[in-house]
1. Do the conditions hold for residue 38, that is, is it in a loop (DSSP other than H, G, I, E, B) and of a type in the set (Lys, Arg)?
2. I'd like the full set of residues that are out of contact with any helix residue (DSSP H, G or I) (no Cβ under 8 Å at 6 or more places or on another chain) and on the phi < 0 side of the Ramachandran plot, limited to region 31-41.
Amino acid sequence: MIEFTDWFPLALAGSLFTLLGSVKLWGLRRGIMGGADKPMAQRLCGT
């Protein structure tokens, strides 16, 4: 059986990047424009 410490960090990193990618796609779909001068939520969701 695969040990917890072998797969958990990889699963956590993969889930994080999948979540961030989903947020970016959601922002793209809604037309949210990001940029350095925008608030953190718009930078995260912006294109």
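1. Spelling it out, residue 38 is indeed in a loop (DSSP other than H, G, I, E, B) and of a type in the set (Lys, Arg).
2. 37, 38, 39, 40, 41
No lab work stands behind these numbers, since they all come straight from the coordinates. Keep in mind it's a predicted model, so treat the numbers as computed, not measured. Positions of Cβ are backbone-derived with ideal geometry, glycine not excepted, and every protein chain shown enters the neighbour counts.
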